[in-house]
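Working notes, beginning with the structure itself.
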Amino acid sequence: KRPAGAPDKSLARPVTKVGVVGAGLMASQLALLFARRLEVPVVLTDLDRDRLDKGVGYAHGEIDKLLGKGRVSPDRANRLKALITGSLTKDAFNDADFVIEAVFEEMSVKQKVFAELEDHVSPECVLATNTSSLSVTEMASKLKHPERVVGFHFFNPVAVLPLLEIVRGDRTDDAALATAFATGKRLKKSSVLVKDAPAFVVNRVLLRLLAEIVQAVDEGTPIEVAERAAAPLGLPMPPFVLMGLVGPAIALHVNETLHGAFPDRFPLSDNLAKLVASGKSGVYRPDFTLDPEVVEIFAGG
Ligand code: 3HC
């Protein structure tokens, strides 16, 4: 059955090569997923050789883990690794049909990336953004071919969570949207078409929840008590663990976008901002004990 709002699938264009802009954790998870499910060459690109090597290394390391678990054969592992490569220049995207960006969550940065991409890819190549909260219409607005831009928003961990939010910008055409849905299907994701609204749907709900629990802690409830109180809500993981998975910096970006759009409902969180400024990756350390310095930030707030 065709997902609600999806155009006729006969309009979808073939995807035989994929580009991923950025080589951070999200980008390398995406490279792995595209290679595994589409079995086509996937090129990661970044400005920095170290980041690029790290991104490709992460994807290759995850393939080794799949091999260790017996999920892929040694032959397939080698094939998948060969499919995922890195390039410091976007020339590698010349023959790509689908390029997804997962760079820093700032409108001007993403607009610049798309503008540069237009010099390298064909006008039919779909340009997808994995933005968590920014407007797809605005991101496409300065392009020669805004009709091929779509939102393609994944959830962490990308390999595990089935949902994909697909976003149609004001100028996105049916062919690009149909290609996005067809690609989502090949990726074995469950795609939903959501409106191009601040933070779309999932992050709007999630950030409201995280903001409320941060506020409860700001108001004096200790972190461990707030987590125990939230446990009966049946979330797949405790809220502050989830914040660590999402990353405090991303949570803050989404919080800021939502604050801009709905200031009454999404107050800015000073403590979230302080947490990001501290450079800490969350309230828990890798061994899942509370980080006393972060507890101090919240207690001081
Ligand atoms: N990366 C890759 N794979 C992972 C992983 C990770 N970080 N964490 C867990 N997995 C895999 C495990 O390897 C395991 O795979 P296997 O069955 O092949 O061995 C499988 O997931 C299940 O893991 P576990 O049995 O260890 O753990 P759980 O059953 O507790 O599930 C979870 C872990 C899937 C992460 C679950 O806790 C969950 O769904 N958490 C909520 C995550 C969530 O809400 N994400 C959305 C965040 S919002 C977002 O990303 C949007 C962005 O814009 C901010």
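Only the coordinates and a few stated rules stand behind these numbers; no lab work does. What you see is a predicted model; the values in this text were computed from it and never measured. Backbone-built Cβ (ideal geometry, glycine too); neighbour counts: all protein chains shown.
Taking loop as defined by DSSP and a crowding limit of 16 other beta carbons within 10 Å, which trypsin sites (Lys or Arg not before Pro) in segment 229-295 fit?
Arg265
Can you check how the C-alpha radius of gyration of the chain compares to 2.2 N^0.38 Å, as a plain ratio?
1.02
Divide by every residue of the chain the summed helix terms, -39500 (n - 2.57) for each DSSP H run of at least 4, and state the resulting mean residue ellipticity at 222 nm, rounded to the nearest 500 deg cm²/dmol.
Rounded to the nearest 500, it is -14000 deg cm²/dmol.
Among Val217, Val113, Val202, which comes first, then next, by fewest other beta-carbon atoms within 10 Å?
Working: Val217 24, Val113 21, Val202 16.
Fewest to most other Cβ atoms nearby, the residues stand as Val202, Val113, Val217.
Within the chain, which is the longest segment that contains none of the GluC sites (Glu not before Pro) sitting in a DSSP loop with at most 14 other Cβ atoms within 10 Å?
125-218
Before anything else, pin down the relative contact order of the chain: Cα pairs under 8 Å, at least 6 apart, normalised by residue count, whole percent.
Relative contact order, the chain: 16 percent.
When the dipole is taken about the Cα centre of the chain, and only Lys, Arg (+1) and Asp, Glu (-1) are charged at their Cβ, what size is it in debye, to the nearest 20?
Dipole magnitude for the chain comes out near 1300 debye.
Cα atoms only, segment 203-300: Rg and Dmax in Å?
So, for segment 203-300, Rg and Dmax equal 12.4, 37 Å respectively.
Where the centroid of each part is defined by its Cα atoms, how far is segment 185-229 from segment 90-141 in Å?
First find each Cα centre; the distance between them is then 26 Å.
Do any trypsin sites (Lys or Arg not before Pro) in segment 44-143 lie in a loop, going by DSSP, with at most 14 other beta-carbon atoms within 10 Å of their beta carbon, and if so which?
Lys69, Arg71, Lys142
Just to confirm a number: summing +1 for Lys and Arg and -1 for Asp and Glu over residues other than Leu11 whose beta-carbon lies under 10 angstrom from that of Leu11, what do you get?
Charge balance in the 10 Å sphere: -1.
Nearest 5 is fine: what % of DSSP beta bridges in the chain come out antiparallel, could you say?
Here the share of antiparallel DSSP bridges comes out near 15 percent.
Could you give the longest part of the chain that holds none of the chymotrypsin sites (Phe, Trp or Tyr not before Pro) found in DSSP loops with at most 15 neighbouring Cβ atoms within 10 Å? Write down the numbers at each step before the final one.
Values: sites that count: Phe104, Phe288.
Here the longest run is 105-287.
Quick one: grab the alpha carbon gyration tensor of segment 137-223, order the square roots of its eigenvalues as a ≥ b ≥ c, and give me rounded if a/c is under 1.5, else prolate or oblate depending on whether a/b is larger than b/c.
The shape class here is oblate.
Under the classification rounded if a/c is under 1.5, otherwise prolate if a/b is larger than b/c and oblate if not, where does segment 9-84 fall, given a ≥ b ≥ c as square roots of the Cα gyration tensor eigenvalues?
oblate
With 18 Å as the limit, write out which pairs from Lys9/Lys90; Lys90/Lys110; Lys112/Lys280; Lys142/Lys195; Lys54/Lys188 have Cα-Cα distances beyond it, or answer none. Present the calculation step by step, with values, prior to reporting the outcome.
Details: Lys9/Lys90 29 Å; Lys90/Lys110 15 Å; Lys112/Lys280 29 Å; Lys142/Lys195 20 Å; Lys54/Lys188 26 Å.
From Lys9/Lys90; Lys90/Lys110; Lys112/Lys280; Lys142/Lys195; Lys54/Lys188, over 18 Å: Lys9/Lys90; Lys112/Lys280; Lys142/Lys195; Lys54/Lys188.
For the residues Asp264, Asp64, Asp218, what sequence is obtained by ranking on other C-beta atoms within 10 Å, fewest first? Display every interim value, and only then the final one.
On the way: Asp264 6, Asp64 12, Asp218 16.
If I rank by nearby Cβ atoms, fewest first, I get Asp264, Asp64, Asp218.
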